[in-house]
1. When the residues of the range B:136-151 are filtered to those that are touching a helix residue (DSSP H, G or I) at 6+ places or on another chain (Cβ under 6 Å) and over 17 Å from residue B:213 (Cβ atoms), which remaining residue is least open to solvent (accessible area, probe 1.4 Å)?
2. Assuming residue B:177 fulfils every condition listed in (1) open to solvent by 30 Å² or more (accessible area, probe 1.4 Å); (2) farther than 22 Å from residue B:197 by Cα; (3) assigned to a helix (DSSP H, G or I) apart from one, which condition is it?
3. For the list (1) buried (at least 20 other Cβ atoms within 10 Å of the Cβ); (2) away from chain B (no Cβ under 12 Å); (3) of a type in the set (Ser, Thr, Tyr), I need the number of the one condition that residue A:23 fails.
4. Report the residue count in the range B:184-234 for those that are part of a strand (DSSP E or B) and among the aliphatic types (A, V, I, L, M).
5. Report every pair of residues separated by at least 6 positions or lying on different chains whose Cβ atoms are under 9 Å apart, first residue within the range B:1-20 and acidic (Asp, Glu), second open to solvent by less than 40 Å² (accessible area, probe 1.4 Å).
6. Which residue is least open to solvent (accessible area, probe 1.4 Å), if the candidates are limited to the range A:42-84 and must be away from chain B (no Cβ under 14 Å) and without any contact (Cβ under 8 Å) to a residue 12 or more places away in the chain?
7. Show me the helices (runs of 4 or more DSSP H) found entirely inside the range B:1-119 where at least 1 residues are more than 14 Å from chain A (Cβ to nearest Cβ), open to solvent by 20 Å² or more (accessible area, probe 1.4 Å) and within 27 Å of residue B:181 (Cα to Cα).
Amino acid sequence: MKGIAGSKESNDCLITIETSEKTKIEIQSIVGAFFYEQILKTIEDTLTENRIKNVLVKIEDRGALDYTIKSRLLTAIERMKEDV
Amino acid sequence: MFRSLLFIPGNNPSMLQNADVFSADAIIFDLEDAISINEKTNARNLVKNYLTTSSVLPKQVVLRVNAYGGNWFEKDIELLKTGKVDYLLIPKMDKLTMEGIDRFLNHYETTNHLPETKLIALIETSRGVLELPDFAQNKRLVALFLGAEDLTSDLEIKRSESGDEIFYARSKIIYTSAANHLVAIDTPYTNINSSEGLLKDCTYAMSIGMKAKACIHPNQLEIVNKVFSPSEDEIKWALAIIEIHETKPNVGAFQFQGKMIDKPIIDRAKKIVEKAKKFKLL
């Protein structure tokens, strides 16, 4: 199962989430040098809030704010659940 | 009270994060026409998280939801629970839609312990125009908003620079708004590259009684705000009238600058001052 949401536009991010044997988060960000930990925390918190485990999350970030990352991840999760 | 309302597509993070810095009196977060069918959920999630996590929000938040009775309406309405939405903009409003939404919201607000939701009616069908007197008295309404693109599509006519084809709809919205203490909001001017055309369109709309105008680009805000604000001369005139009236409260009519001033003119002066204060021009 797989879900994708977002875009590679400025201030947005493209998030892909798919089922996996264990949870893994891959971050590519134009502001990663400064915000890697914050992006990671946003993703981890959103997964925890939604009780999502054993997924591979890939994010291609173009400077998205926290609420954008969270929103895109939530939509990707919904799409993953619909992808049967 | 509005002069300008700026549409922002609900799925555009760049515009969302600047929403509070635009000089619009209200921002309309659009979940309807600006959002493709596949992106409805994405846009709703983005606007919801923006509203709930941003420390600074626009002065007034308007949410354009999808059509009542459709697949997305009830999900869009969930954003009322954020407590950050000041008004819902309801597309294709007519008598039946108003009745249905009123019933739906009465139940929804009771169930979720929410205050009464205020609405802006988007008048964009011939039926909506004709049925204005049948629903404009609803206590939820604060404004009537002309949507000329959909209306002219319904009428199978082309839009023109002069706007002759929407004169009837404009007039009906203006008169119905005035009679029911609602704000008459004019349709956006769609040529975003013509400031001259925008100025002409705004000036005309204001001259026949529109009180505000919707914008589809931030570069339209300056002109719209200027045209729909009282001018410096008008404010000076109104202040002078009120000052004279306050010194002679028992005099029904008096002369000012060679003209007779009586109650309707004093009332107009008070409205100008109220507007000037609201928009921080005083």
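The values are calculated or read from the model by the stated rules, or taken from the named source; none is laboratory data. Quantities reported herein were computed from a predicted structural model and do not represent experimental measurements. In this analysis, Cβ positions are derived from the backbone assuming ideal geometry, glycine residues included, and neighbour counts consider all displayed protein chains. Please note that ligands, DNA and RNA were not included when accessible areas were found on the heavy atoms of the full protein model with its side chains. Shrake-Rupley method; radii C 1.70, N 1.55, O 1.52, S 1.80 Å.
1. If we take residues in the range B:136-151 being touching a helix residue (DSSP H, G or I) at 6+ places or on another chain (Cβ under 6 Å) and over 17 Å from residue B:213 (Cβ atoms), then B:136 is least open to solvent (accessible area, probe 1.4 Å).
2. Just one mismatch for residue B:177, condition (1).
3. Going through the list (1) buried (at least 20 other Cβ atoms within 10 Å of the Cβ); (2) away from chain B (no Cβ under 12 Å); (3) of a type in the set (Ser, Thr, Tyr), residue A:23 breaks only (1).
4. 4
5. B:20/B:27; B:20/B:54; B:20/B:58
6. A:48
7. Fully inside the range B:1-119 and qualifying: B:95-112.
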